Protein chains: 2
Amino acid sequence: MPQIDLSATTWVAADWGSTNLRLWLMTDDDKVVHKIQGPRGAAQLTGAEFGTELRALLAPVLTGRDGDPLEVIACGMVGSRQGWAEAAYQNVPAAPVNAVRARIVSDDRNELTVHILPGLQQLSPPDVMRGEETQIGGLLVSDPDFDGIVCLPGTHSKWARVSNGQVTSFATCMTGEMFSLLSEHSVLRHTIDTDSLDLASFETAASETLTRPDALLTRLFSVRAAALVSDARPGEAAGRLSGLLIGAEIGSLRGLWPDLPIAVLGASSLSGLYVRVLQAAGMSVTQIDAEHATVQGLAKAHRTLRRQMTSAAI
Amino acid sequence: MPQIDLSATTWVAADWGSTNLRLWLMTDDDKVVHKIQGPRGAAQLTGAEFGTELRALLAPVLTGRDGDPLEVIACGMVGSRQGWAEAAYQNVPAAPVNAVRARIVSDDRNELTVHILPGLQQLSPPDVMRGEETQIGGLLVSDPDFDGIVCLPGTHSKWARVSNGQVTSFATCMTGEMFSLLSEHSVLRHTIDTDSLDLASFETAASETLTRPDALLTRLFSVRAAALVSDARPGEAAGRLSGLLIGAEIGSLRGLWPDLPIAVLGASSLSGLYVRVLQAAGMSVTQIDAEHATVQGLAKAHRTLRRQMTSAAI
C-alpha cells in the first residue's frame, strides 16, 4: 500500500447522511488528498457521539497537529433536528450553498470546528432536502449558467428546478424506499430477486407507467400475478417493479417542466436506469458524477468561509 | 351465555384467507346457526395441519355425529399453491362461484369433506383473486342482474367488472399493504399515528390524487415534509397518507369504467373511506355487507353441490 502524505490537509469536506459518512481530506487549493468512509450515519449517533466519531476518523490528521482547530465543512442529515446540531433550512428560492448560514459546532476537545450547511425547504407543497442542495451547488460551480432540472436518484430521489444560480422549487419521490419496502416486506417479496434485475422487463414496465403514471398502484400487483399466471422469473419481477416505479416517477414529473435539460447527478447503476428512461421519454439528459459535485459544493462553501475569515482578520 | 343448539347444523361455510379463518355453521335452509373465528390463517398452516385445525374448531358439531362426513364449502387462500390443496383458477370471463370445479379434500380421519372453490385469474394484464369471487357471487344471489363494478377494499383491494352474472375483468391494488408498509416501515413512520386518522386531512389529500392520481409518488413525501415544515399532527399525517393512496387508486380506475354503478363490498371503516371518496368523485355507490355476501356465495355453491348429489343418488 502506498504511503499517503496527509500533511497537505488543511480542511475536511464531509457528507454525513442518515446511513453514511464520507470524508475527503482537502488541500488548500481544494484537491482531494484522501477519502475516508465512516461506519455510522447520522441516524445511528446522538449528541456528543458525533464529535467523538469524527475525531476518531480524523485522528491521522489531528495527531501532532497544533494551532487552530481543523475546519470541517459538512452537509446532510447531520444538520437535522435529530442530528448533531440543527442547521435551519433556507426557504426556496435560494442559492443552494449558503456557507454564511452554516451552524457551527465543535467536538468536546475543541480540535474540530464543524460548519454544518443548511438544507432547503419549500413551504408549498411542503418539501425538504439536506445534502442534495450541496451537490446542486457543486454542479453550479462547473456550470454556473445551468438552467434546467437536476435529478438526484436515491432512496428519496430529488428533482430540483435550477435557474439563475438558485433552486426555485423541488420535489421528493420516495421511489427508492418504495422499491425496498415492496421487494423486501410486501407480498411481492416471494416473487422478486433484486440481485438479478432484468433490463428488458425494466424497460417494458417503465414504458407502461411513463405514459400512464397514474396506473402505478394498479400495476404493482401484476408483478406477483405474472409469477403465478405466467411463471415470470424473479429477475424479471425485479426489473418490472423497478421499471414501474421509475417510469411512474418520471412520467408524473416530466409534465411539470417540459423541454428543459435534465442533469442526473449520480454515478450508480440506479442513476443509469433513470438516464435510460429519461432518454426513452425523449428528454435531453446529461449524467454527472455525484461525488465530484458533492466535493465541489463543499469546497465552494469553504472558499466563502475562508474569504470571510481573511477579511475579518484584516 | 345462552345455550346454542348446534344440532341443526348440516353443513359449514368457511372463508379461509391468508391471515383469518371464519366458519359459519349452517342449517339445511342456509341459516347461520353459529359463527366461529379460527386463530390461524392459511399462511400459518401446512399440509395435514389444515384438516386437524378445522376438525378441532368443528369438534362441537362433530362430537356424537355419525353417518357421512360433514360437508364444508371453503373459499380463499386455503386453495392456493401454498394452501391445503390447490384449486386451479378459473379464467375470466367466468361466473364467480363454480362449485363443480371445487377441489375436494378430507381430513385424515375422514370426518370432513371440504370443497375448496377456485379463484379467478386474468391472463392480461395478469391478475388473480381467491375469496373475493365468492363474495361477488353472493352479491349476485341478491342482485342477479347487477351490471357494474364491485369494489372490495382490503390489504389488496379488488375491482371487478361484473356483467351478465360474470366477472369479465378485474384489477388488484396493493393500497392497503402500501399504507401498512409506509406507515410502519418507511421514513413516514416517524410522523404518523394510525390510531387517530384525521378525516379532514383524508378528504383534502384524496381530492388531490383523485384529480391527479399520477402525483401519488411525488406527494407521499409531503406527509413527512408537512410535519417538518408546518408541524402537521400525527393523525393528520395518517389521514393524509390514507387519502393520497385511496384517492390515487380511485382516480386511476374510475376512467376505466365510467358511468357504471359501484357496489362497495365491506362493512369496515376502510370501506366507509372508499364510499366517501367515490361519492366525492360523483359516482353512484352502494355499500353492501361483506360477511353476508360471503355466506350467500358459499351457500350458493352448497346448493349446487347438493343438487348434484341428489341427482346422482337418483
Filter the range B:114-126 down to residues that are under 25 Å from B:P144 (Cβ atoms), open to solvent by 10 Å² or more (accessible area, probe 1.4 Å) and not polar (S, T, N, Q), then give me how many there are. 1
It is to be established whether one or more residues within the range B:301-313 are surrounded by fewer than 21 Cβ atoms within 10 Å (Cβ to Cβ), assigned to a strand (DSSP E or B) and in contact with a helix residue (DSSP H, G or I) (Cβ under 6 Å, 6 or more places away or on another chain). no
Working carefully through the options A:D68, A:D15, A:D5, find the one that is of a type in the set (D, E) and open to solvent by less than 40 Å² (accessible area, probe 1.4 Å). A:D15
Within the range A:107-136, count every residue that is on the phi < 0 side of the Ramachandran plot and either away from chain B (no Cβ under 14 Å) or of a type in the set (G, A, S) (or both). 16
Over 14 Å from B:L188 (Cβ atoms) and among the basic types (K, R): does that describe B:R212? yes
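Being more than 8 Å from chain B (Cβ to nearest Cβ), touching an Asp or Glu at 6+ places or on another chain (Cβ under 9 Å) and among the hydrophobic types (A, V, I, L, M, F, W, C): is that true of A:V150 here? Steps first, please.
On the way: more than 8 Å from chain B (Cβ to nearest Cβ): yes; touching an Asp or Glu at 6+ places or on another chain (Cβ under 9 Å): yes; among the hydrophobic types (A, V, I, L, M, F, W, C): yes.
It is true that A:V150 is more than 8 Å from chain B (Cβ to nearest Cβ), touching an Asp or Glu at 6+ places or on another chain (Cβ under 9 Å) and among the hydrophobic types (A, V, I, L, M, F, W, C).
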So B:A263 ticks every box in (1) in a helix (DSSP H, G or I); (2) among the aliphatic types (A, V, I, L, M); (3) at pLDDT 95 or above but one. Which box is left unticked? (1)
Which members of the range B:54-85 meet the condition of being in contact with a strand residue (DSSP E or B) (Cβ under 7 Å, 6 or more places away or on another chain) and in a loop (DSSP other than H, G, I, E, B)? B:L58, B:P69, B:G76, B:W84, B:A85
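Would you confirm whether or not the range B:98-113 contains a residue that is within 29 Å of A:R240 (Cβ to Cβ), part of a helix (DSSP H, G or I), open to solvent by less than 40 Å² (accessible area, probe 1.4 Å) and touching a residue at least 24 places away in the same chain (Cβ under 8 Å)?
No: the range B:98-113 contains no residue that is within 29 Å of A:R240 (Cβ to Cβ), part of a helix (DSSP H, G or I), open to solvent by less than 40 Å² (accessible area, probe 1.4 Å) and touching a residue at least 24 places away in the same chain (Cβ under 8 Å).
If a residue has to be open to solvent by 30 Å² or more (accessible area, probe 1.4 Å) and either assigned to a helix (DSSP H, G or I) or not charged (D, E, K, R) (or both) to count, how many in the range B:286-300 make the cut?
7
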When the residues of the range A:263-280 are filtered to those that are over 13 Å from the mean Cα position of the chain (by Cα) and among the hydroxyl-bearing types (S, T, Y), which remaining residue is surrounded by the fewest Cβ atoms within 10 Å (Cβ to Cβ)? A:S269
Please give the number of the condition B:S169 fails out of (1) open to solvent by 10 Å² or more (accessible area, probe 1.4 Å); (2) more than 8 Å from chain A (Cβ to nearest Cβ); (3) in contact with a Gly (Cβ under 9 Å, 6 or more places away or on another chain). (3)
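Can we say A:S252 is at pLDDT below 95, in contact with a Pro (Cβ under 8 Å, 6 or more places away or on another chain), surrounded by fewer than 23 Cβ atoms within 10 Å (Cβ to Cβ) and not charged (D, E, K, R)?
In short, no.
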Applying the selection to the range A:142-166, what residues are open to solvent by less than 50 Å² (accessible area, probe 1.4 Å) and either among the aliphatic types (A, V, I, L, M) or in a loop (DSSP other than H, G, I, E, B) (or both)? A:F146, A:I149, A:V150, A:L152, A:P153, A:G154, A:H156, A:A160, A:V162, A:G165
Scanning the range B:121-140 residue by residue, the ones that are under 17 Å from the mean Cα position of the chain (by Cα) and not in a loop (DSSP other than H, G, I, E, B) total 13
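The values are calculated or read from the model by the stated rules, or taken from the named source; none is laboratory data. Since we're looking at a predicted model, the values are computed, not measured. Neighbour counts are summed over all protein chains in view; Cβ atoms, including those assigned to glycine, are modelled from backbone coordinates with ideal geometry. The accessibility values were calculated without ligands, DNA or RNA, using every heavy atom of the protein model including side chains. Shrake-Rupley method; radii C 1.70, N 1.55, O 1.52, S 1.80 Å.
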